[in-house]
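In what follows, a single structure is set out as structure tokens and then discussed.
The values are calculated or read from the model by the stated rules, or taken from the named source; none is laboratory data. Just so it is clear, the model here is predicted, and its values are computed rather than measured. Here Cβ is always computed from backbone atoms with ideal geometry, including for glycine, and neighbour counts include all displayed protein chains. All accessible areas refer to the heavy atoms of the entire protein, side chains included, with ligands and DNA or RNA removed. Shrake-Rupley method; radii C 1.70, N 1.55, O 1.52, S 1.80 Å.
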Amino acid sequence: MDTVTEDAPLLDELMPWSVAPLRLGRGWVAAPDARVLKARWDAMLAAQGAERERLFGSTRSRTTGSSVAALPGQSTGTGRIARESGPCPPPVRVAYGPYDEQWLIPDHRLIDSARPELWRVADGHQLFLVDDFTVTALLPAGSPGRIRPLYRRPGGLEPNLAPGLLPYLSKRYGCEVTPEDVLARCLASGTPAVLMSADPGLWAEGVRWGREMIRIQLRGAHGGERPRLPGGRRPYVRAPVPARPAEIG
């Protein structure tokens, strides 16, 4: 690939819209198992007064007295948690970190900074590039890096790319360049200074590698190939892995 040069375009220039990471504010609203989240919700609602406040885990942004609008696409309560008595909102699958999918209670009252603008564009067409150079079709909810949606509008509309970039690259390389091609090239660069070669062959090679990285990281999302063990078997966890060693060996 090309070496990094001072005039290499920055990721901020190619994909100008980025959003700060979600700030959950309390760890109990996310978990690897959805049933655990429902049990935690039920335990909180079984408590009253100061005990419910303690289990909730109040911060400057959210307390049991907070009343906020529901997140886009989610049908959750908007009243105060102090008076809540209903069932746990259905947990949703999120990307909690690289190759770490977990469940999250999508209740705006429980999340300090949920970034509603990201929920608004999260759908079956969207891809998110995180600053740790991972790509996910799920809403990133645990990464500390900034989040860049590939599309600004639901339905895969209005690519989050610099104006005129796609026509320019298509003319430069003599082929149609898609938003997914640019995303793949950014991912393959692995650096905020994106390597853009004048050689169509090097461009195509970078896109090919980037698309392979996207395929692996999406883990079957968007109709892709799901992970399988050698021989075509699917991964299956028969028992939970202990949280930590019982003793030092």
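Among the residues making up the stretch 156-173, those that are open to solvent by less than 70 Å² (accessible area, probe 1.4 Å) and free of Cβ contacts under 8 Å to residues at least 60 places away in the same chain are G156, P159, G164, L166, L169, S170, Y173.
When you scan the stretch 152-171, do you find a residue that is under 22 Å from D7 (Cβ atoms) and either in contact with a Cys (Cβ under 7 Å, 6 or more places away or on another chain) or among the β-branched types (V, I, T) (or both), even just one? For the stretch 152-171, residues under 22 Å from D7 (Cβ atoms) and either in contact with a Cys (Cβ under 7 Å, 6 or more places away or on another chain) or among the β-branched types (V, I, T) (or both): absent. Output yes when any residue across the stretch 206-214 is closer than 20 Å to M15 by Cα, of a type in the set (D, E) and open to solvent by 20 Å² or more (accessible area, probe 1.4 Å), and no when none is. No - not one qualifying residue is present in the stretch 206-214.
Screening the stretch 191-215 for residues that are among the hydrophobic types (A, V, I, L, M, F, W, C) and modelled with pLDDT under 90 and picking the one that is farthest from L127 (Cα to Cα) gives A198. The residues on offer are A82, A95, A70, and the sole one that is in a loop (DSSP other than H, G, I, E, B), aliphatic (A, V, I, L, M) and either free of Cβ contacts under 8 Å to residues at least 60 places away in the same chain or out of contact with any strand residue (DSSP E or B) (no Cβ under 9 Å at 6 or more places or on another chain) (or both) is A70. Do the conditions hold for P140, that is, is it over 13 Å from W17 (Cα atoms) and touching a residue at least 40 places away in the same chain (Cβ under 8 Å)? In short, yes.
From the list R153, R172, exactly one residue is more than 10 Å from the chain's Cα centre (by Cα) and modelled with pLDDT under 95. Which is it? Walk me through how you get there before you give the answer.
Numbers: R153 fails: modelled with pLDDT under 95.
Matching residue, one of R153, R172: R172.
Looking across the stretch 56-67, the residues that are in a loop (DSSP other than H, G, I, E, B), surrounded by 15 or more Cβ atoms within 10 Å (Cβ to Cβ) and at negative phi come down to S58, R62, T63, T64, S66.
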